[in-house]
Structures are given as structure tokens and as C-alpha cells.
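The values are calculated or read from the model by the stated rules, or taken from the named source; none is laboratory data. Quantities reported herein were computed from a predicted structural model and do not represent experimental measurements. In this analysis, Cβ positions are derived from the backbone assuming ideal geometry, glycine residues included, and neighbour counts consider all displayed protein chains.
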Amino acid sequence: MLGWQDYHTSNLVVALLLAISVAGAWYGRHNLFCRQFVRDFARRRLAVAAAALFSLFVGVALADSIAWCDPVAEENAENAGIEAFRPRTLIDRLFPRDFRESAYSAPLATNAFYGDQPLKHPGKHVLGTTIIGHDTLHETLKGFRPAMIIGAFTTLLVIPIAIVMGVLAGYFGRRIDDVVQYIYSTLASIPNILLLIALILVMGRGTLQVCIALGVTTWVGLCRLLRAETLKLRELEYVQAARALGMSHTRIICRHIVPNLFHIVLISFVLRFSWLVLNESILSYFGIGLEGSFGAMIVLARDELAREPVIWWNLAAASTALFLLVLTANIVGDAVRDLLDPRVRTAE
Amino acid sequence: MSFLGTLIGCGNSPYPAADAGEKVFYSYLLRSYPLDPVNAQSIPGMGYLGAICEPLFEYHYLKRPLEMQPLLARAIPQFEEITAPGLAAGEPDRVLYRLRFEIWDQVLFHRDVCMDVPNHAKPHTRELTAEDFEFTFKRIADPANNCPAIDTFLRVDGLSEWIKRLEAMRQKGPQTATLPVHELYRLAGPIRGVQVTGRYSFDLLLTERYPILLYWLAMTTTAPVPYEAVEYYHGEDGRPHLREWPIGTGPYRMADHRKDDFIAFEKNPDWRGITQPQRRLPGTRYPTGGEEEDRQAGRLSPEYVDQPLPFIDRFEYRRDKEAVTRFGKFLQGYYDGEEIIEETFHQAVSGGDISPALSDRGIRLSMETMLRVWYFAFNMDDDIVGAPRVFADPARERDREQWLDRNRKLRQAMNLAFNTQEEIDIFMNGRASKAESPLPPGVFGHDPDYRNPYRQYDPELTRARQLLTEAGYPGGIDPRTNRPLQIELSLPDTDPRTMELARMTTRMFGQLGIDLKLDAVTYNAFVQKMRRGAFQVLRWGWYADYPDPQTFLLLLYGPESSAGTGRNNKANFRNARFDFLYEKMATLADDESVTWTETGPDGAERVVTMSRGEIIWEMIAIFEYECPWIVNHHPMSFNLFHSWYHNVKPNTVIYTGAKYRDVDARLRRELREEWNRPVRWPAWAFVGIVAALVTPAVRTYIRRTRH
């Protein structure tokens, strides 16, 4: 849920993201490699369908990040009520104001689930309502934003750490390699979930904290891959040649090593995404996840299954959304790996 | 195939087959609770202890409102005012209040190895004497035991000096520090206000007339524990600790205790009710009278009235953590009683009564309002919602009177805007009664006809809006920011359920135009916030140990303020008149009154006489006007009982109920068998499917090997 003021930041971030992706597309338009990639990708029907669905989810998350308050006239302020001062996102605006009941109602029901009073919006709640009468479809759509934030933001935290550590360890070897290996072996030897919980208990709750905690536990895997790849690259002829010509280490790393690692980074970004979203659900299970995430919805709905008659729609909506998000991310990820990984490509 | 054999051959009973015909009570535990009487505070723990230990008094099992009656004591003593000589020569005489206790003779402790001093070879017992009470009072006083009754017992003459002497002995050195506790207590000398006057009699001398003390003497906290048990059960050398293996004089004794897993107690064959039934001592026979509802519920059937106690032979509690499976086992007859929770509510209750599916099985439902109160506390030290001694904002301090008034109106408006009934309906399935004052039903001073004018919810919020405007926030708009007024609600955990409840609360105050911000933290951080007084509004509750208004009104008593001390007045409410009345009320019994002189508004001295009830009503009037809380609800407990489980009358402060209850083991066995006929066809179907899958493979194999 958005606070009072931070919606401006959120809008700015969305604008920035859109600008970057437009610029990227513009640049990629003439790039031979990108064009090839798009052409190959388009040949895989399943991947294209998954990518379309995934982009839809991204779209929902972006739409839920664009918010503004409707202006309140000075003289009306006293009667406007608190809702008028709350920023509403594009997703919120899809639903009428005050679109809620007092408690549970089944999907498309006309009467309350308990007590049988007529609803305020009979037949309008496509996926029913939650315990305090919020529309389940609305809540589910709002769940995509925390999922995307977790997936994307954590990865953005992880990639620089992993690249710096992995390349330094692989390229220079010796002491640096020992230190880096020592750090990541220690981290890897602590069970992930325990480390996550401990970190969050130390840092406190919040979006940034959850991302950092997930980042600390995930950089190890990527770092190992990058170190191994760097070890290989450093022995290749063109790197040897560059060194023989007297190029500086920095220049070699920037020109010859890092660009040749990027397919690994991209693949791991897409594959990690679903892992991160699932792990956030586990954190929610322990009560330390993000508010409004699918994990939190599932935890809240867990006890509803034990009710008689059973209340299934909240759990069903949240788990279906989570399932689709993770599935599409995985399919897209697999396709990207198949297209970018030289080994898999040559095997074809 | 042996797996299939077990599958088909046996039922679903979780208990050994041999127990089926015995009078064993079956229930569950979530974890182990510390069971040392002096500091056990958990509700299940005190329930177990009520069967094992006996205090001086108990409550009548059936009568309501609760009535105290003697148990180990021969009678309930009255306060006698006595004059004692001054502490030092030349000091004036002091007025003390004496309680004279006579206890029953031939009361034996549990037969246990700890009582066989010094060999500890075979179980042994001995008689309870007045000296055991002296030892028990010293244990209550000992700071190492962290006894919840200590605040009350500090009114015993000389108790605080004794504590100082004890601490000094402990610091003296290793010789005294390693002494057995009773030796150390002996070295620290007697407590001046605890005087053993005979083998079966002792006096308590109090510096203040304080009837609340008698309630503590009806709780297991003050139940006598033999010094031998304290010395022997120290938790080392393979022995359990006293908190795992309590010893007392009760009708049951510990039979087995595996931590967090299993606990059992059995009938104590040395209990005076069993060995000396002809003496008809109090608390050893089933009551002969009760309420009309007891007659209807069969709790006064001739089969039980005046019969020697106890009825049940053995109590067994096994670990079972999941509420849903527990309810399933209850329905199958493997638990004798079960509390209804939110998830099982709609299965068990329909239309305000027990659902037909359950009543067809003979299951009965009991509903009881508990001696508890839940509320939102405003931090009275806060500039925005409170009435601090000094406003942090100098501008407010300058206009002090005006801001006190405006803040009060804000609290009153918020009281009017919170719809308790909606919370009860949605989150508790109606299992609570709306609170009008801090006092729940069943407590002296609770008036069922009283309606707190600030707790009457009106969906239009007319009065609330008007008060909010008068408080300076028209429509909830804070003139300083031209935005809705922000108030922070602190929550003790981040559980999604708590968050949903909080979102509902946000919505309710949102209707008034107030923007409620949520501050959800871990429980520890929450407790820290309370202690520092760094919050605006928080949600909190109070579970009473005894049925007296004092324990609820204490939550608003100024010197009990929580900021900086962690004590119980979470709102940090300080009101001179309220505190004055509290001090008067706390020393009175329900039917007494007190007289004092005070200066009236006209400046003239006058003599005031008020009864305890009148004092409480004036305190509630102050509470109503000042609104330091939004008093929310008193939760109810809904319990289900099987037809074979008799004489159950749940109550949150009666802990000695175990001996009065009974199970009909024969009926239970029959019904269990009827309800749990094994369904065998899935097992046979499984065999059939496996056979159908394996046969073609076997045939193919045989065919191929032949060729």
C-alpha cells in the first residue's frame, strides 16, 4: 500500500523504467544480435505466450505504481473524508470507490457469506471478498507489485555484488580468490531460511530490508558461476594477447571479461526471479514478508480452508496468481537460457 | 503385507486399548508450562496446579457470583484491628490488621520420595502444619521466585525488611549462598507479620486493611509446598525441577511428565477426602446447592450431590498443536471437551446455538464471558491524544486548559467512531460481549444496564464529528497541515490477521476523517515502546486472576503508570481524584463503606461517606468522561462437552474444578466405537488396484522367462 508522499517517488521510478525500456528498444532495433534474439524467441510459441502473460503482470505492477490524489477543493476538505486524500493507483481506479463489503462474500454472490444480508455491490465481486470485505480480485492485482519489486529490485542489488566479487576472484586468483571463496562458502553453509529470518530480525521489517536479506542469500550462486566463467575467459587467447600488448587489468576486465559474462547474468536474472518471489512467500509465512504480497494473502487464507463451509476463493486467487507468475517467469527464463547460452545453442 | 494388516485390523484410537474402560480424562497440551505454584502464571498451568495443590480457600464450584469458601483453612478470617508496639523503643504504637488462620489437621502432602529425608529411598509423606505456610510466604517474598503476588504481600508487616535480610545473606558469600533454601530462609529470621501460633494456626499481620489479599489466598500461588520438595526437586542429577514436578496436598498428584509432550496426574490416595470421608471437610464433597442453570444442566443430579470427591481417576494431556485436527479428534470422541475457536465456530454453532450435527451426538455447548477486557489505550503522555503533565509543545503548554479539553474531545470522538460490534462479528463470530466500562460481567460494580455514552456507535457519526470539530479538527482535517489528522496505532505483531484487524480499524477511523497509521513491530519492540511510552494508541488486554474490580481499575491507577516502569497502566492515565478513590476502594470489602473529610467546591470542609459500589461508580464516571481507553470487549469462551463428561462449569478463575468433574467411561467407550467404525473399503480398494497393476507385469515376466 502506498503512503502519503512516497507515491511521487514511485511515479518517478515508473517513468524512469519506461524511459529505459524505450531507449533499450530503440538501441536494440538496429542491433544485429538483439534482432536475431527476438527472431529466435518469436519462433517458440510457448515462450511467446508466457512472455505475453508475464508482460501483462509487469504492466499490472507498473499500473499499480502510478498513483495520484484527486485534488480536494479547500472548501470541501472537511467533508471529503480520508479517502479523498489517499493517492489511488491506476489499478485502484479500475474499481469504484468504496468497493467493499463488511465481511466475506463468495464470488459473484448477492448476499453476505455469513448472515445472508444483501451486499452493497451484489454480483460485482468476481472473486469474492476477504475477511474484512475487500474485493479479492483487487487485492490479487495489487499483489503483483510487491512480487515485481522483490524480484527486480533484489536482482539489481545482487548483480553488481556478484559481478565485482566473481570477476575479481576469477581474474586475479590467489589471495583475493581465497577471501571471496571464504566469504561465499561461509554464507552458503548457513541454511538459507535461517539466514533470511536472522537478517530481517536484525535489520527490521520493510521492503528494502527484505530485498537486502534476499540479496545476501542469493548472490553466492551467481558469484560462483561468474568466477568460474572468468577463470575460463582469462586463459583465452584474446585476453592473453591483450595482456601481452600491455593493456591494464581494468581495461581487460571491462572490455573482454565482463561483456562476455552478460549472458550468464541475464539468464540468472530471469531464473532467479521466480525463486525470489517464492522465497518472499516463505518469509510471509513467518510474518516477516511484505504487506499485501501473495505470500501474506496465502498465510491469511490458510486458516480459511479449515472453516466449514470452506472459504476457498482467497487462497485460490492468491495461489493461482503466484503460480502463473512463477510459471511464466520460468518458461521465459528457460527460453532465454536456451537462446543465449552458447553451449545449449551449439547442442541444437 | 504387515502394513496392510495393521491398516485393516485396527481403529483410529490414539490411546492404549487397556484404558478404554477407565475413568481417564483426555485432553491435549500445546507445550509444557512451568508448574511451580509460587510463580506459575499461564492459564493451563494454573489449571493443572489447581488439581495438584490446594490454597487456603477456594471458590464455590457452582455459585455465581463467585463465593469464597474455606479449603485448607477452617474458616475465612475477618480483619481485626490491633495495636502493636513501635518498632524501636520510644516510637509510637502502630495499628496493624490481623488475620487469624486455623488450618485442618491430618492433611497430608503427596506421598513422594522427596519427603523421605535424608535417604530419599521410598515414598513418604507428612502432615501439613502452620510452619509450611510460613515457608510458603517466605517463598512468595523471595525475589528469586519472581512471584506475581508480591505487590499484594508487601503489605505484610516486616516483609520488605525480611527480603533485605535475605538478599544480604545471599551476598554474604558462598557458604550461605549454597545452603538449601529453607536453611537460608531460617537464617534470614522470621517475617514479623507471619506468626506461627500453634501447630495448626498462624496469624498474618498487615500494615493496611487489604481484602484483595484474601483472593490471593484462594489461588494456587499461595498453596503450601513442602520444603523437602523444594530442596529435592532442583532439576539436576537426573531429578526433575519443582516446576516440572510440583508437590502439594491436592486430590491429584503428578504421575508422569515428559516435557512439551505428555503430562498425567492420578488420584492422590492419601488425600483427606479419600482417607477420611467421614470428617466431611470443606472441599472434599460435591456441593449440595448451586444455581438454577446447574439444575437444568444436570450438575446437581443426586448421583453427585454430597458425594465424596474426586470422581476422575486420571488426567492425561498429550501434545496436539493444530486446532483443526484437535477438533476432529474431539468429534471422534477422543477428547472429552474442546474450546471453540474461529475456524471451527461455524461447524459447531449455528444460529446462536449448538449446530444440529453436534447436538445429535449429545454434545453440549457452554458460553461464558471471561474476566478479561480488551481495549485501545491512548498514551496520556502524548501531546496530540493525551493529557501530559507538561505538553512538549510550548504553544500547547501555554494554553494548557484549552488543549486538555480539545484532546479529551478527540479521544471522545474516537471512542464514538470505533464499532466494537463489527469487530466482534467479523473477527470473533460474536464470541465476546461489548464492553461499556473496564469491568466485565460477574465482577462487583458491573451494571448490566449501564451504557457508556461514548461507546454507542452511530453509523452516521453525528456526535463524533461534532466533537472532532470542537477538538479543532473539522472533518478530521488537521489545520496545521490541511490534511487528515495522523494518529499512530502500535501493534504487537505483524501477523496477517492482526494486520487485517488493523486495516478494519483504519477504515473505522477513516470514516471520521482521521488517518490511522499502523506501526506493526515484533512483540519485543512493542513491549519496549510501551515501556518507553513511545506510542500514541495501542491495543492491549487484561486477564484477571480474581473476580474483583480492583484488578481492572488498577489498570488506570496513576502510580501504576507504564512509562519507564513497564507496569500495568499502559495509558499512563493520571487523575488525582481517580487515584484517591482507588486507594479507598482497594481497602474495602464489597459491602463496606468508608468515611473521609474533604474540602468541597465551596471551600467548606465536609464529611463524605461512600460505599464501595458508589466509589467504583464515581471512578467509572471519571473513566467515561476522560476516555483514556477505547474500551473494546470482554471475550467469551465457548466450550463443547461430550455427553459422558459431567459437572463441567467453566470459569477463568476457578482452578480447583478438576475434582468436581466426572467422565462416564463406559458410555464413552460405546460411543467411540459407534462413531469410529473403521472404513475398510479404501484399504481393499488399494489392494485391488495394486493387484491390478502388478498382475500384467507378473504375467509378462512369466511369459518372457518361459521362452
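Key figures
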| quantity | calculated |
| --- | --- |
| Residue, nearest to the chain's Cα centre (by Cα), within region B:493-507, restricted to residues that are basic (Lys, Arg) and over 12 Å from B:PHE418 (Cβ atoms) | B:ARG497 |
| Matching residues, region A:206-223, being surrounded by fewer than 20 Cβ atoms within 10 Å (Cβ to Cβ) and not aliphatic (A, V, I, L, M) | A:GLY206, A:THR207, A:GLN209, A:GLY221 |
| Positions within region B:332-352 being touching a helix residue (DSSP H, G or I) at 6+ places or on another chain (Cβ under 8 Å) and either more than 10 Å from every other protein chain (Cβ to nearest Cβ) or of a type in the set (Val, Ile, Thr) (or both), in sequence order | B:GLN332, B:GLY333, B:TYR334, B:TYR335, B:ASP336, B:GLY337, B:GLU338, B:ILE340, B:ILE341, B:THR344, B:SER350 |
| Residue list for region A:95-108, restricted to those being closer than 15 Å to A:TRP313 by Cα and modelled with pLDDT under 85 | A:ALA103 |
| Unmet criterion (only one of (1) among the charged types (D, E, K, R); (2) within 12 Å of chain A (Cβ to nearest Cβ); (3) under 38 Å from the mean Cα position of the chain (by Cα)) for B:ARG455 | (2) |
| Given (1) in a loop (DSSP other than H, G, I, E, B); (2) without any contact (Cβ under 8 Å) to a residue 24 or more places away in the chain, number of the condition B:ALA40 does not satisfy | (2) |
| Residues being farther than 17 Å from A:PHE294 by Cβ and under 24 Å from the mean Cα position of the chain (by Cα) - total across region A:106-155 | 1 |
| Total residues in region B:425-463, condition over 24 Å from B:GLU500 (Cα atoms) and not in a helix (DSSP H, G or I) | 17 |
| Verdict on A:ALA49 being touching a Ser or Thr at 6+ places or on another chain (Cβ under 9 Å), part of a loop (DSSP other than H, G, I, E, B) and over 20 Å from A:GLY151 (Cα atoms) | no |
| B:GLU81 being without any contact (Cβ under 8 Å) to a residue 12 or more places away in the chain, farther than 30 Å from B:TYR233 by Cα and out of contact with any Gly (no Cβ under 7 Å at 6 or more places or on another chain) | no |
| Qualifying position, being closer than 30 Å to A:ARG35 by Cβ, modelled with pLDDT of 85 or more and in contact with a Phe, Trp or Tyr (Cβ under 8 Å, 6 or more places away or on another chain), among A:ALA329, A:ALA318 | A:ALA329 |
| Residues of region B:418-439 that turn out to be within 14 Å of B:PHE376 (Cβ to Cβ) and within 12 Å of chain A (Cβ to nearest Cβ), as a count | 2 |
| Sole exception among (1) more than 10 Å from chain A (Cβ to nearest Cβ); (2) surrounded by 18 or more Cβ atoms within 10 Å (Cβ to Cβ); (3) touching an Asp or Glu at 6+ places or on another chain (Cβ under 6 Å); (4) not in a strand (DSSP E or B) for B:MET508, by number | (3) |
| Exclusive hit being under 24 Å from the mean Cα position of the chain (by Cα) and farther than 16 Å from B:LEU29 by Cβ, set B:GLU291, B:GLU303, B:GLU322 | B:GLU291 |
| Unique residue being over 24 Å from B:SER359 (Cα atoms) and touching a Leu at 6+ places or on another chain (Cβ under 7 Å) when the list is B:THR652, B:THR695 | B:THR652 |
| Selected residue (criterion: modelled with the highest pLDDT) from residues of region A:117-131 that are within 14 Å of chain B (Cβ to nearest Cβ) and farther than 23 Å from A:LEU300 by Cα | A:LYS120 |
| 3 or more residues touching a Ser or Thr at 6+ places or on another chain (Cβ under 9 Å): qualifying strands (runs of 3 or more DSSP E) within region B:61-133 | B:94-102 |
| Every residue from region B:553-604 that is modelled with pLDDT under 90 and charged (D, E, K, R) | B:GLU560, B:ARG567, B:ASP590, B:ASP591, B:GLU592, B:GLU598, B:ASP602 |
| Scan of region B:186-207 for residues that are among the aromatic types (Phe, Trp, Tyr) and over 30 Å from the mean Cα position of the chain (by Cα), ordered by number | B:TYR200 |
| Residue match in region B:312-329 (condition: farther than 25 Å from B:ASP662 by Cβ, within 14 Å of chain A (Cβ to nearest Cβ) and of a type in the set (Phe, Trp, Tyr)) | no |
| Unmet criterion (only one of (1) in contact with a helix residue (DSSP H, G or I) (Cβ under 6 Å, 6 or more places away or on another chain); (2) in a loop (DSSP other than H, G, I, E, B); (3) within 26 Å of B:MET219 (Cβ to Cβ)) for B:PHE573 | (3) |
| Matching option when the condition is closer than 30 Å to B:ALA520 by Cα and among the β-branched types (Val, Ile, Thr), among A:ILE252, A:ILE257, A:ILE311 | A:ILE311 |
| Hey, A:LEU108 surrounded by fewer than 16 Cβ atoms within 10 Å (Cβ to Cβ) and in a helix (DSSP H, G or I) or not | no |
| Every residue from region B:519-550 that is free of Cβ contacts under 8 Å to residues at least 60 places away in the same chain and either assigned to a loop (DSSP other than H, G, I, E, B) or within 9 Å of another protein chain (Cβ to nearest Cβ) (or both) | B:ALA520, B:VAL521, B:THR522, B:ALA525, B:ALA534 |
| Residues of region A:290-325 classified as within 22 Å of B:PHE345 (Cα to Cα) and aromatic (Phe, Trp, Tyr), total | 2 |
| The one condition in (1) surrounded by fewer than 17 Cβ atoms within 10 Å (Cβ to Cβ); (2) within 30 Å of B:GLY362 (Cβ to Cβ) that B:THR609 fails to fulfil | (2) |
| Some residue of region B:486-496 being part of a loop (DSSP other than H, G, I, E, B), buried (at least 16 other Cβ atoms within 10 Å of the Cβ) and more than 10 Å from chain A (Cβ to nearest Cβ) | yes |
| Hits in region B:469-485 - residues which are more than 16 Å from B:LYS517 (Cβ to Cβ), modelled with pLDDT of 90 or more and at the interface with chain A (Cβ under 10 Å from one of its Cβ atoms) | B:THR469 |
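Per-residue answers, yes or no, for (1) crowded, with 16+ Cβ neighbours inside 10 Å; (2) touching a residue at least 24 places away in the same chain (Cβ under 8 Å); (3) part of a strand (DSSP E or B):
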| residue | (1), (2), (3) |
| --- | --- |
| B:VAL196 | yes, yes, yes |
| B:LEU213 | yes, yes, no |
| B:VAL225 | yes, yes, no |
| B:ASP260 | no, yes, no |
| B:PHE265 | yes, yes, yes |
| B:ILE274 | no, yes, no |
| B:PRO287 | yes, yes, no |
